[in-house]
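A quick write-up on the structure given underneath.
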Amino acid sequence: MDILLRHDHFYVINKPAGIGMHQEGDSPGLVRRLSEELGEPLYPVHRLDKMTTGVLLLARTVEANRELSRQFAERRTRKLYLALSDRKPGKKQGLIRGDMEKARGGSWKLTRGSANPAITRFYSTPLAEGLRAFLLQPHTGKTHQLRVALKSLGSPILGDDRYGGSPADRGYLHAWKLDFEWQGRLLSVTAPPDQGVLFVELAEPLTRWAASLQPEAASPAP
């Protein structure tokens, strides 16, 4: 595991692709594996899908888990994700908002309801021939929210076969940056998109473009 930040009360790691948070059958999940590797109990403050790589915050103490989990619940953190698709979206940038309902086989779908909506701000740009880059800022934390959001735009994530993405060596969704507070200090941790052929090849132009959008992406959702 690539540990990006070590702190007395938490770790921030760059989660690898292809591993879930918790045990699946006989295969231990990320939390157990890392706990055994480090020789201490760990508490997942938030979660990333099995296919998703990037910044993941794990508390080392019960107190840190309580405080950091509260920040996520109160939406006081900022999360920025990078994604790739080989299909052009219906619009270049904007806000994706709607309720999410369970669909078949463990999938989810976006509806036009607004009782408890999933909210995602997004930006996109052509990155290479036939390839589109997305910067995503979720303002809520629903299951499969970003994957469903891009599907709703007509641009499913490359490699995300559950939501209609074209075949690829991985699902191209990466938790790029996380901002949170600890004891009155703002911490910002960035994970390089370094897993997957396309992320490796296009990391420099992708992150340069995304960094230029950060001030606007940090604006609260209307």
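If you add up the charges near residue 105, with Lys and Arg at +1 and Asp and Glu at -1, over every other residue whose beta carbon is less than 13 angstrom from its beta carbon, what do you get? Could you put the intermediate results ahead of the total?
On the way: positive: 102, 104, 109, 162; negative: 161.
Around residue 105, the surrounding residues sum to +3.
Could you calculate the contour length gain from residue 161 to residue 40, that is, 0.36 nm times the residue separation minus the distance between their Cα atoms, to one decimal place in nm?
Stretched out fully, the residue 161 to residue 40 stretch lengthens by 40.0 nm.
Using Cα-Cα distances under 8 Å and only pairs 6 or more residues apart, what relative contact order does the chain have, in percent?
Details: 458 pairs, mean separation 42.6, N = 222.
Over the chain, the number comes to 19 percent.
Lys and Arg at +1, Asp and Glu at -1: add these up for the other residues within a Cβ distance under 11 Å of residue 131 and post the number. Don't jump to the answer; show the numbers that get you there.
On the way: positive: 87, 88, 132; negative: 86, 129, 201.
Taking every Cβ under 11 Å from that of residue 131, the sum is 0.
Along each principal axis of its Cα atoms, how long is segment 15-146 end to end? Whole angstroms, biggest number first, please.
48, 36, 30
Starting from 0.36 nm per residue, how many nanometres of slack lie between residue 26 and residue 182 once their C-alpha separation is accounted for?
Numbers: separation 156, 0.36 × 156 = 56.16 nm, distance 3.59 nm.
Contour length minus Cα-Cα distance gives 52.6 nm.
How do the peptides 23-30, 53-60 rank, highest first, by the average count of neighbouring beta carbon atoms within 10 Å per residue?
Numbers: 23-30: 12.4, 53-60: 25.0.
Final packing ranking: 53-60, 23-30.
If each residue of separation counts as 0.36 nm, what is the full-extension length gain between residue 69 and residue 5 once their alpha-carbon separation is subtracted? The partial results should precede the final answer.
Numbers: separation 64, 0.36 × 64 = 23.04 nm, distance 1.78 nm.
Gain on extension, residue 69 to residue 5, equals 21.3 nm.
When you count, for each residue, the other Cβ atoms within 10 Å and take the mean per peptide, how do 136-143, 174-181, 4-11 rank with the highest first?
Working: 136-143: 18.6, 174-181: 22.6, 4-11: 14.5.
Put in order of decreasing packing, that is 174-181, 136-143, 4-11.
Which net charge results for the neighbourhood of residue 21, defined as the other residues with beta-carbon distances under 13 angstrom from its beta-carbon, given Lys and Arg at +1 and Asp and Glu at -1? List each step's numbers first, then the result.
Details: positive: 15, 32, 33, 47, 50; negative: 24, 49.
That sum, taken over residues with Cβ under 13 Å, equals +3.
Using only the alpha carbons of segment 113-222, determine the length spanned along each of the three principal axes and report them from longest to shortest in whole angstroms.
Largest to smallest, the principal-axis extents are 43, 37, 20 Å.
At a Förster radius of 30 Å, what calculated FRET efficiency corresponds to the Cβ-Cβ distance of residue 76 and residue 208, to the nearest 0.05? Write out the running numbers ahead of the final one.
Numbers: r = 28 Å, r/R0 = 0.93.
My answer for the efficiency is 0.60.
For the chain, evaluate the Debye formula with one uniform point scatterer on each Cα (no solvent term) and list log10 I(q)/I(0) at q = 0.15 Å⁻¹, rounded to two decimals.
-1.02
Carbon and sulfur together cover what percent of the accessible area of segment 93-161 at a 1.4 Å probe radius? Mind dumping the intermediate values first?
Details: 1380 of 3150 Å².
Carbon and sulfur: 44 percent of the exposed surface of segment 93-161.
Is the C-alpha gyration tensor of segment 1-89 telling us rounded, prolate or oblate? Criteria: a/c under 1.5 is rounded; beyond that, a/b larger than b/c is prolate, otherwise oblate. Intermediate values should be presented prior to the final figure.
Details: a/c = 1.98, a/b = 1.23, b/c = 1.60.
Taking the square roots of the gyration eigenvalues as a ≥ b ≥ c, segment 1-89 is oblate.
The values are calculated or read from the model by the stated rules, or taken from the named source; none is laboratory data. Note that the coordinates shown come from a computational prediction; the quantities given were computed from them, not determined experimentally. Methodologically, a virtual Cβ is constructed for each residue, glycine included, from the backbone with ideal geometry; neighbour enumeration extends over all protein chains shown. Note: areas computed on protein heavy atoms with side chains; ligands, DNA, RNA excluded. Shrake-Rupley method; radii C 1.70, N 1.55, O 1.52, S 1.80 Å.
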